[in-house]
Amino acid sequence: MKSWLFCVLVGLATQAGAHDAIGADARKAYLQKLASLQHSAQAGTPQARAAALVETGRMLDEIRGLLNEDIISHGRTQGLETSILVDQLNAGPHRLQLSPHTRLYLANQRPYRDALALSPRGPQSSLARFMILKNHFYDSFVDNPLQPVAQDKATLLEMIEHGNALRAKPDPAIDAEEVDFILALHYLQAKQSGGLPAAECDRRFASLLKGFRARWPTSLKLATLEALAPQ
């Protein structure tokens, strides 16, 4: 018969493991897949390499999402395997860094940027642009999107360029509502910071808001745009 102490220890270990964001099998699977994608990104056609890089970015986003859910729920990441995974990622090219402002993990944009540089008009280019745009936006502020943290003019104009490029060449795989929402807020940022002429920003924002009302009249994002619209 097992001792009561053994049973208690097993129960505690099981309870602790249930709250871990990432277990041993998941950690190994992530690292093996990332290593395979890294190999694929170093050989083959530019389009094939770009596809591997975009998949790498998506996998890092998946891991980051699990880590951030853990932080939001518990105030920090939990579990030995989670800590080992973060350490192993940060020892290589797939670094995930904590934001000093939100204390959440930031996106690693490098794979998407490298993919776009390799194949700027290839089949993966729209997704790479979208992920750069989306990840930068949600990583750039704490609670007010019109008060981005450490966003310089060049980065803001780059994001506006990505947003307009996505609108100019619609892709059904891309969330058009998200693109228009982020782009509209970037124009408000540009007006506020002086990154672009105020009249141009007002005109672009008004056009995006009008289109948003027509396409997504019940969206919560529309309510946000209307609340932040210039009076």
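Values quoted throughout were computed directly from the atomic coordinates according to the rules given, and no laboratory measurement underlies them. Given the structure is predicted, the values throughout are model-derived calculations rather than measurements. Here the Cβ positions follow ideal geometry from the backbone for every residue, glycine too, while neighbour counts run over all protein chains shown.
One table, with the values for the structure above:
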item	result
Relative compactness, segment 120-170, computed as alpha-carbon Rg over 2.2 N^0.38 Å	1.20
Spin-label pair residue 214/residue 176, simplified geometry with 7 Å Cα→Cβ offset, distance in nm	1.1 nm
Computed over segment 19-122: relative contact order in percent, which uses C-alpha pairs under 8 Å that are six or more apart	35 percent
Burial ordering of 157, 60, 37, fewest other beta-carbon atoms within 10 Å first	157, 37, 60
Theoretical ellipticity at 222 nm over the chain - DSSP helices of four or more residues, -39500 (n - 2.57) apiece, nearest 500	-22500 deg cm²/dmol
Cα-centred dipole magnitude for the chain, charges only on beta-carbon of K, R (+1) and D, E (-1), debye, nearest 20	340 debye
Calculated SAXS-style log₁₀ I(q)/I(0) at q = 0.13, 0.17, 0.18, 0.21 Å⁻¹ - segment 140-231, Debye, Cα scatterers	-0.40, -0.71, -0.80, -1.10
Two-site label geometry, residue 152 and residue 199: point separation in nm, points 7 Å out along Cα→Cβ	3.0 nm
Segment 19-122 - Debye-derived log10 I(q)/I(0), Cα point model, q = 0.23 Å⁻¹	-1.19
Relative contact order of the chain, pairs being alpha-carbon contacts under 8 Å that are 6 or more residues apart, as %	14 percent
Phi-based couplings in Hz for segment 132-144 (Karplus 6.51, -1.76, 1.60; Gly and Pro marked x)	4, 4, 5, 5, 4, 4, 6, 8, 8, 9, 8, 9, 10
Positive-end residue, the chain charge dipole about Cα centroid, Cβ charges, pick of 88, 140, 190	190
Summed residue charge, Cβ within 14 Å of residue 46's Cβ, Lys/Arg positive, Asp/Glu negative	+1
Counted charge near residue 116, where neighbours are those whose Cβ lies closer than 13 Å (Asp, Glu -1; Lys, Arg +1)	+2
Trypsin sites (Lys or Arg not before Pro) restricted to DSSP loop in segment 163-206 with at most 15 other C-beta within 10 Å	none
On Cα atoms only, tilt of 80-90 relative to the major axis of the chain in degrees	50 degrees
Alpha-carbon Rg with Dmax, taken over segment 96-199, Å	13.7, 39
In degrees, nearest ten, helix 24-40 long axis to first principal axis of the chain (Cα)	50 degrees
Taking segment 140-231 and dividing mean pair separation by its residue count, relative contact order in percent (alpha carbons under 8 Å, at least six apart)	23 percent
Phi-based couplings in Hz for segment 114-124 (Karplus 6.51, -1.76, 1.60; Gly and Pro marked x)	5, 5, 5, 5, 6, 9, x, 10, x, x, 9
